[in-house]
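The values are calculated or read from the model by the stated rules, or taken from the named source; none is laboratory data. What you see is a predicted model, and the numbers here were worked out from it, not measured in a lab. Note that we place each Cβ from the backbone using ideal geometry, even for glycine, and neighbour counts take in every protein chain shown.
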Amino acid sequence: RSKGGGIGNFKRQGMAALLNCEAFGCSSEIRDLIDAGSSACAGGGEFDFGDAGSILDAFNNSNDDALCSSNA
């Protein structure tokens, strides 16, 4: 189990969301949330990383039953 909520959780969920966006697509709201959090992280701005991490977690787990195709 990973330790840390807040910014640590945002980083984990943000990376997973970026991968999901590339693989399956995502809304502009999700991309904007990742961009805003990343900017705040880089610039030390004020941002609710905990809430953003929760939103991204829900997005990341929203298609757990999606079928993945294989070119094997």
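Annotations for the structure displayed:
- Qualifying residue in region 42-57 (condition: surrounded by fewer than 12 Cβ atoms within 10 Å (Cβ to Cβ), in contact with a Ser or Thr (Cβ under 9 Å, 6 or more places away or on another chain) and not charged (D, E, K, R)): yes
- Verdict on Ala72 being modelled with pLDDT of 90 or more, at negative phi, of a type in the set (A, V, I, L, M) and out of contact with any Lys or Arg (no Cβ under 7 Å at 6 or more places or on another chain): no
- Within region 2-40, considering residues that are in a helix (DSSP H, G or I) and of a type in the set (S, T, N, Q), the one surrounded by the most Cβ atoms within 10 Å (Cβ to Cβ): Gln13
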